[in-house]
Structure formats: structure tokens, C-alpha cells
Amino acid sequence: MAGVTRLDLAFAAPADRVLPDEADARLAGPRGKLPLTGLTQDELRAALSERGVASPAQARMRAEQIWSWAHKRGVTDFSDMTNIAKETRAALGEHFDLARPDVIDRRQSADGVVKWLLRLSPGAEAESVFIPDVGRSGALCVSSQVGCTLNCSFCHTGTQPLVRNLTAGEIVAQCLVARDDLGEWTAGPDARRLSNIVFMGMGEPLYNLDAVAAAIDILSHGESLGISRRRITVSTSGVAPKIPELGARTGAMLAISLHAVTDALRDELVPINRAYPIAELMKAIRAYPGLSNARRVTFEYVMLKGVNDSPAEARALVRLLAGVPAKINLIPFNPWPGSPYECSSTSTIKTFADIVNRAGYASPIRTPRGRDILAACGQLRSESTKERASARRARELQG
């Protein structure tokens, strides 16, 4: 393969990875019904007309009604859409699916964190986590992929190979499941606990940017969950070419999983750095649309004992971020089975934070949340494995 480097191969998609059109067919609802969650209003309008559920003249109004019921009120049964005629509701039930993903496991931490393991399709499971008392009320950490390709050495999710990208509907569905569990569909905006969304779960969001951008469009819509784009944060390990595009397409807040200030160490901790080294990453960050003191970049820095936690590295971090409106979240390392690292001591983390704070950057030390249920930063993982296309076809032929 002339012109293809070993590095290109390291970050390539698996050979039998599910393509978008194949994924759409595999992820269809019961009896081939079209999943409604994740459709835009325009997509729903077209689908209503194509399936004969509404005439072209009525399709726009019907789409707005149905979309609001599904995404703003959280209904899971078309019969509950009381401002729509019974015969239309019956037709909707024949052609569309409102079902939520199956909740395979639900765990609640002693500190109030809730983690859900969701079955999104046969053989594909992902985790999402609600963290109370973050932002205005609480943050939902959502996944964008099942598994991950990046192999960050300190991250448990990185030990699980990529199974597939999630669809926009599957990303939105994680938020609907959380709203169901929290009982927030009838609560007023000021009473809701889910106020922020962070793409910091399983996977690299910028390797699934189309679905992530579509999901953000839906989640921020006034007739959906209505979460402000300034309360939606997308974290990337450093897919530099996609960073300005993320800002242009979504208007979301940006977070960078940094963790080191030299290429040599970051190559080890975050291997994508070999493709997009720190200088290239920082250039992309400076090009992020709307960057300002009101829209600062969050740099995530996991504290690893004896690895990246010295005062010299804190001073180098300050120099690296010069001129970038930023805050630095210092994250005590969250252990997981078989991990090769230890967390820096409290005094070491405080010394590091003091150096960064004195330089004028906010540098909060993140309080570990959900460690007892493996729901903390870097601990998410499912047991999903990628099924080869040939095996999948054989299974489907068998019934």
C-alpha cells in the first residue's frame, strides 16, 4: 500500500466496520420501523410524507407536533399524542418506533452519580453517566462510540476496541433515558437536574462528528431538551483537523484531553499525538470559532504520580497555553483493574494547581465522582465486541 504509513494504519477504521447505510438498516426498530429519536424535524416531515402518514401539505405541522411530543415531553407511546387524530396515531405506530434503548444495568454511587449501561443494538452497549451538582444543576456524560480507537494508556475505555460509531439518535436517546430516570419531563426548566451535557464518555467524538453535530442540533432545539450550546461541551483527545469544524458546526464548548506538555510523553499517554503533535493541536485550538474569555477552552489534565505532575511541568503548561482563553481541570487519576498508573498525592496536585493559578488560569482540582461504580473519568467500558460482518450475516440468515 504505497503512501500509507504505519501511523495511518494505527488510526484507520476496522476493515469490516459498519458503513452508515448498513448501520441504518441494522438499527431499524421492530419490524423495520424507522426510529423517530434522532430525526430532525425536516427529516421527520419527509418521512411522514413518504410513508403516507401525512399529506405533503400537513407534514410540516404534523412533524412539529410529533417531534415535540417525542423530544420535549418524552412520550414513548404514540397514543399519548393527544392533539393528533387517532387514525394518524395508529399509522405512526405502524411506521415509526419510539422505543428507548434497553437499560441493561443501572448503578448509583454513594455520592449520587448514576451510571446506565444501555443496549443500543445487538452486540453494542455503551455507558452514560449523570453527575449531580455540575454546572447549573447536573451534567450528563454521553458516549459517541462503542469502544475507542485511541488507546490512551491511562484510560479504561481505551482498552476496549472500537465496535462502531453511535448514531445521532443513539446519542440523543442517552439523554432521554436520563430524563426518564430523573423524572424530569414535567419539571420546569429551573427545577431540572440535567442542565449540562458533556461528550466525555466512550469514544472520540470527532471521529463521529456528523452524528455528534446532528445530536447537538436536536438537544439544543427549543422544542427538544432545549439545552444551550454553551452548556454542551465536546472533549477531544486531539483530532486537530476537525477542531475548527466542530466549532463551526455546533457552537459547543471545547475541551481538550491534554495530559502532557511534551510530545515525547504525550505520544505515550495519548498516542494520537503521533499524528497531530502538540504544536499542530494548539494551532487548531487557536482557530476555534468564538474563542474568548466567555468561551474558554477547558484543558483536562489527569494527574499521574511521577509521570506528569512535577512543578516544572506545571510551569511548562502555563507557557504552552499563553494567549489561549483557558481553564485547566486537574483530574486525580481514577484507578481501574490492571491500570499501570497511580494517582498523584494530594500535596503534589495542590502544588501543581498553585503554580497554574498564580499564572492567572483557573485550575480547579476535580473531585472524583462515581469511583465506587467505575463511573469516574477514564473508567467507562462495556463488554461489547466487534462482530465480523460475515458472522453477523450468518446470524441474521439463521433468524
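With the condition kept exactly as written, say whether any residue in the stretch 339-359 is surrounded by fewer than 16 Cβ atoms within 10 Å (Cβ to Cβ), in the same structural domain as Ala248 (by TED's automatic domain parsing) and on the phi > 0 side of the Ramachandran plot.
no
Pick from Val297, Val212: which is closer than 23 Å to Val356 by Cα and either of a type in the set (Ser, Thr, Tyr) or in the same structural domain as Thr346 (by TED's automatic domain parsing) (or both)?
Val297
Can you tell me which residue within the stretch 126-135, out of those that are surrounded by fewer than 24 Cβ atoms within 10 Å (Cβ to Cβ) and farther than 13 Å from Val198 by Cβ, is nearest to the chain's Cα centre (by Cα)?
Top of the filtered list is Pro132.
Determine which single condition Lys72 fails, assuming it passes every other condition in (1) touching a helix residue (DSSP H, G or I) at 6+ places or on another chain (Cβ under 9 Å); (2) under 25 Å from Ala215 (Cβ atoms).
Only one criterion in (1) touching a helix residue (DSSP H, G or I) at 6+ places or on another chain (Cβ under 9 Å); (2) under 25 Å from Ala215 (Cβ atoms) is unmet by Lys72, namely (1).
Could you pull out the residue among Ala110, Ala70, Ala91, Ala126 that is in a loop (DSSP other than H, G, I, E, B) and of a type in the set (A, V, I, L, M, F, W, C)?
Ala110
If I filter the stretch 304-316 for residues that are surrounded by 15 or more Cβ atoms within 10 Å (Cβ to Cβ), acidic (Asp, Glu), modelled with pLDDT under 95 and in contact with a helix residue (DSSP H, G or I) (Cβ under 9 Å, 6 or more places away or on another chain), do I get at least one hit?
Within the stretch 304-316, not a single residue is surrounded by 15 or more Cβ atoms within 10 Å (Cβ to Cβ), acidic (Asp, Glu), modelled with pLDDT under 95 and in contact with a helix residue (DSSP H, G or I) (Cβ under 9 Å, 6 or more places away or on another chain).
Taking helices (runs of 4 or more DSSP H) that fall entirely within the stretch 173-279, which contain at least 1 residues that are of a type in the set (Lys, Arg)?
Passing ranges, in order: 243-250, 263-269.
Does Ser220 satisfy the criteria of being within 24 Å of Thr40 (Cβ to Cβ), surrounded by fewer than 22 Cβ atoms within 10 Å (Cβ to Cβ) and modelled with pLDDT under 95?
No.
The values are calculated or read from the model by the stated rules, or taken from the named source; none is laboratory data. Owing to the predicted nature of the structure, the values given are computational and were not obtained by experimental measurement. Here Cβ is always computed from backbone atoms with ideal geometry, including for glycine, and neighbour counts include all displayed protein chains.
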